[in-house]
Amino acid sequence: MLNRREAVRRLLEDRGDMLVVAGLGQPCFDCFAAGDDPRTFYLWGAMGGAVPTGLGLALAQPDRRVLVVTGDGDALMSAGAFATVGVEAPENLAICILDNERYGETGGQATHTARGADLAAMAAAGGVRKARTVRTEAELDDAVRALRQGAGPLVSVVKVAPESQPAALPPQDGPHLKRRFRRAALGVEDK
Amino acid sequence: MDNWRDGIFEAIKAAGVTQVAYVPDAGHSRLIERSIEDNDLRAVSLTTEEEGVALLAGAWLGGAKGVLLLQSSGVGNCVNMLSLARTCAFPLVMLVTMRGEWGEFNSWQKPMGVTTQAHLELCGAACYRCDRPEDVRETVETAFRFAYYTNSIAAVLLGQRLIGAKVFEEPAPC
């Protein structure tokens, strides 16, 4: 089992001008622990929203790499969005699903991926053909490269250990997160 | 007298929209067709309406304006995702074709249809209702100004009297 903090640290290291959408719960905390950046948009709620938010951003900024980092629970809730990503097929969109097979924020109940559901297969069936499951360090090396630079859309489902991590809480104020993202990513100053 | 449908399209273009998020809908069909044909618009077909709320939040993070086309029944699907727009003050324009009201034959459309505006208002949306063709374009333009100047949610409810109620083929019971 891979360590989620280490996987995300590697994914975001020297990130260049990459834009990041972090799904609610642990994936937000993992991204913050890797180093806060105004070009990371943290979702503190809106479960099921990470993948479609990343899609809208990728379509709006086709020349920038957009990375969605989210969890298995969030991805299961927006399973239909895989089909929307498959149809729109943005080359600049990469999706990393940290799959601990648990609902970590609500007491560790099993998600469907602990009981046979296969998110990579669901993504592929939705039309995101570059979808795979990552279980080893060697596979992670390859996945990090692909998520950072490979032609999208692509999905990597990274199987991570379910142990709890030290607290790392990003800012929660929504308008602040939005404004600082647009300032850093677009150079616009919202009133 | 279907000019109001083109009026919506012209208002969307004038507002600078580039992403049109939609679910299939008879009332919006002309608008959807024109959006697909327009090279400057990205018409994104959704599997469920709440995807569109998140999609357009992402669009705005990337500097693009959008519009969400949906039916009154789909408003119910959006409820929790609208917390994204509300909490972060994302501008969001929703164009809602109404069912379950004027001339409705299908009782299953009624629960959402008769409560659409109340649902939207509970979610923090400003609602502008349209039942006359001559009001449509100006109302859509007003919704865009409201949403993008005040960073908030604006919904235009296009009444079933305006769109034309779907006709049931069997004789009416009364």
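The numbers here are math on the coordinates, done by the rules we state, and not lab data. The structure presented is a predicted model; accordingly, all values stated were derived computationally and were not measured. As a convention, Cβ positions derive from the backbone with ideal geometry for all residues, glycine included, and neighbour counts pool all protein chains shown.
Observations on the structure shown:
- Within chain B, helix-based [θ] at 222 nm, where runs of 4 or more DSSP H residues each add -39,500 (n - 2.57), nearest 500: -12500 deg cm²/dmol
- For the range A:13-100, the alpha-carbon coordinates run over 33, 29, 19 Å along the three principal axes, in decreasing order.
- Taking chain B as a Gaussian network of alpha-carbon nodes connected by springs under 10 Å, the highest mean-square fluctuation of the residues B:GLY63, B:GLY103, B:GLY74 belongs to B:GLY63.
- Taking the DSSP bridge list for the protein assembly as shown and keeping only pairs wholly inside it, about 5 percent are antiparallel.
- Computed Rg/Rh of the range B:27-76, alpha carbon atoms with Kirkwood Rh: 0.96
- Legend: ranking of residues B:THR142, A:THR40, A:THR111, A:THR53 from fewest to most surrounding C-beta atoms inside 10 Å; resulting order B:THR142, A:THR111, A:THR40, A:THR53.
- Label-point separation, A:GLU139 to A:GLN165 (7 Å along Cα→Cβ), nm: 1.9
- Under 5 Å between amide hydrogens, built in the peptide plane, is the criterion, and for A:ARG65 it picks out A:LEU19 among residues at least 5 positions away or on other chains.
- Among A:ALA117, A:GLN61, A:VAL158 - extreme Cα towards positive end, dipole of the range A:61-191, charges at beta-carbon: A:GLN61
- When Rg and Dmax are taken over the Cα atoms of chain A, they come to 15.1, 48 Å.
- Ignoring lysines fewer than eight residues from A:LYS130 along the same chain, the ones with Cα atoms less than 21 angstrom from its Cα are A:LYS159.
- 5 angstrom amide H check on B:ARG99, placed H, neighbours 5+ away: B:SER72, B:SER73
- Overall form of chain B per C-alpha gyration tensor (a/c, 1.5; a/b vs b/c): prolate
- Calculated FRET efficiency, B:ASN3 to A:THR106, Cβ-Cβ distance, R0 = 41 Å: about 0.20 to the nearest 0.05.
- Distance from the range A:121-191 to the range A:48-99 (C-alpha centre basis), Å: 8
- Fluctuation leader among A:MET122, A:MET47, A:MET77 - chain A, Gaussian network, Cα springs under 10 angstrom: A:MET77
- For the range B:11-114: rounded, prolate or oblate by the Cα gyration tensor [a/c cutoff 1.5]: oblate
- Listed by chain and number, the aspartates and glutamates placed with their C-alpha closer than 12 angstrom to that of B:LYS110 are B:GLU101; residues fewer than eight positions away on the same chain are left out.
- Span from the the range B:87-146 Cα centroid across to the the range B:2-64 one, whole angstrom: 16
- Share antiparallel - DSSP beta bridges, the range A:1-126, percent rounded to 5: 15
- Under 15 Å, Cβ to Cβ, from A:ALA151 - net charge with Lys/Arg +1 and Asp/Glu -1: +3
- Chain A, helix-only ellipticity at 222 nm - DSSP H runs n ≥ 4, -39,500 (n - 2.57), divided by all residues, nearest 500: -11500 deg cm²/dmol
- Based on alpha-carbon atoms, the Kirkwood radius and the radius of gyration of the range B:1-63 give Rg/Rh equal to 0.96.
- Taking 21 Å as the straight-line reach from the Cα of A:LYS191, the lysines in range (excluding those fewer than 8 positions away in the same chain) are A:LYS178, B:LYS65.
- GNM result for chain A, Cα springs below 10 Å: residue of A:ARG129, A:ARG39, A:ARG15 fluctuating most strongly: A:ARG15
- Gyration tensor (alpha-carbon) shape descriptor, the protein assembly as shown, a/c threshold 1.5: prolate
- Counted over the range A:84-191, the DSSP beta bridges are approximately 15% antiparallel.
- Residue-wise HN-Hα couplings along the range B:27-38, as the Karplus relation 6.51 cos²θ - 1.76 cosθ + 1.60 with θ = phi - 60° gives them from phi, are x, 9, 4, 5, 5, 5, 4, 5, 5, 5, 6, 7 Hz; Gly and Pro carry x.
- In this structure the amide hydrogen of A:GLY152, modeled in the peptide plane, comes within under 5 Å of the amide hydrogens of A:ASN92, A:LEU93, none closer than 5 places in sequence on its chain.
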